[in-house]
Amino acid sequence: LVFEWKNNNAIGNQPPAAIDNVKLDLITCPKPGNLVISNIGYSSAQLAWANGATETQWEVIVLPAGSPAPTATSTGTTTTLGSPYTITGLTSVTCYDVYVRALCSPTSVSFWSVPVNFCTTPNYCAGDHFYDTGGPNGNYQNNENYTTVIYPDDPNEKVSATFNIFQLQLGNDLMRIYNGPSSSSPQISVQTGTNSPGTVTSTHPTGALAFYFYSNGTINNVGWDATINCSSLGLT
């Protein structure tokens, strides 16, 4: 490290300047960095990070989003697997903050990393509703363009969606529903305005339904709320 003091001589007769009580600590166990979350599901996610040094053990702590940051005495899950690391046991439609610290030796532990935040996906077959991006209480946004694919948990099941609410901008915003896992699957219907799809059930071998949504740049609306059923009863 280099410390440099400069005086521009703009004002004369200045008192002597000094820097005192400087404390330097040698960090022998740097904290992990560049945390990245991927493969987010309703109960798991994959965490990757860059090692701080040559550590071979790490501690991972997963907290509800907005929780106070862990302290030096906080404990998480110790792993020797390294990056990437699979986080399990999560709750659907829930946001989390994740921290990692390095365990360089029994007496040398890094500071906790900067947190990474993520939210789990809905578990539709377990009862989570299928909403637009505004959720249960808000409108969807303008200029949206995306596809949501819902698969059954069991390969012998079929997905069925019952729309409880359906309100789009008439003629401009629309939903296309496909019998299968993509927009290249056979199209079931195109809906706009308050023309609800009602109940739609997959007959595709995968049991999946795909929902394509488009909104233009002017007016948005309440969107939709759909109950998802994944069942083999009465389905072929």
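Here are the numbers for this structure:
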{"read-out": "Charge dipole magnitude, Cβ of K and R +1, D and E -1 - the stretch 129-226, Cα centre, debye nearest 20", "value": "220 debye"}
{"read-out": "Orphan Cys of the chain, criterion: no other Cys C-beta under 4.7 Å", "value": "none"}
{"read-out": "Calculated FRET value between Cys95 and Asn34, using beta carbons and R₀ = 25 Å, to 0.05", "value": "0.75"}
{"read-out": "Long-range HN-HN contacts of Tyr140 with modeled amide H, under 5 Å", "value": "Gly134, Asn221, Gly223"}
{"read-out": "Kirkwood Rh and Cα Rg combined as Rg/Rh, the stretch 18-133", "value": "1.09"}
{"read-out": "Per principal axis, descending, Cα span of the stretch 170-233 in whole Å", "value": "41, 24, 14"}
{"read-out": "Under Karplus coefficients 6.51, -1.76 and 1.60, residue-wise ³J(HN,Hα) of the stretch 54-71 in Hz, glycine/proline x", "value": "10, 5, 10, 9, 9, 10, 10, 10, 10, 10, x, 3, x, 5, x, 5, x, 9"}
{"read-out": "Proximal charge balance of Pro70 [Cβ under 14 Å; K/R count +1, D/E count -1]", "value": "0"}
{"read-out": "Distant alpha-carbon pairs in the stretch 58-124 (separation over 20 angstrom), percent", "value": "30 percent"}
{"read-out": "Value of relative contact order over the stretch 127-236, rounded to a whole percent, pairs C-alpha under 8 Å and six or more apart", "value": "43 percent"}
{"read-out": "Stretchable slack from Thr79 to Thr194, in nm (0.36 nm times residue separation minus alpha-carbon distance)", "value": "36.2 nm"}
{"read-out": "Estimated D of the chain in µm² per second, where Rh is the Kirkwood radius over Cα pairs and Stokes-Einstein applies at 25 °C, 0.890 mPa s", "value": "112 µm²/s"}
{"read-out": "3J(HN,Hα) from dihedral phi, the stretch 29-43, Karplus parametrisation 6.51/-1.76/1.60, rounded to Hz, x for glycine, proline", "value": "9, x, 6, x, x, 6, 5, 9, 9, 9, 6, 6, x, 8, 9"}
{"read-out": "Length-normalised contact order of the chain in % [C-alpha pairs under 8 Å, at least 6 apart]", "value": "18 percent"}
{"read-out": "Within the chain, percent of DSSP bridges classed antiparallel, to nearest 5", "value": "100 percent"}
{"read-out": "Farthest positive-ward along the chain dipole, Cα basis, beta-carbon charges - from Leu81, Asn179, Phe211", "value": "Leu81"}
{"read-out": "From phi via Karplus (6.51, -1.76, 1.60), per-residue ³J(HN,Hα) for the stretch 114-125 in Hz, x at Gly/Pro", "value": "5, x, 10, 10, 7, 10, 6, 7, x, 9, 4, 5"}
{"read-out": "Net length gained if the chain between Gln141 and Ser43 were fully extended (0.36 nm per residue, minus Cα distance)", "value": "32.6 nm"}
{"read-out": "Charge dipole magnitude, Cβ of K and R +1, D and E -1 - the chain, Cα centre, debye nearest 20", "value": "240 debye"}
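Every number in this text was worked out from the coordinates using simple rules, so none of it is lab data. Predicted model, so just to flag it, every value in this text is computed and none were measured. Because the Cβ atoms are built from the backbone with ideal geometry, glycine has one as well, and the counts that use them run over all protein chains shown.
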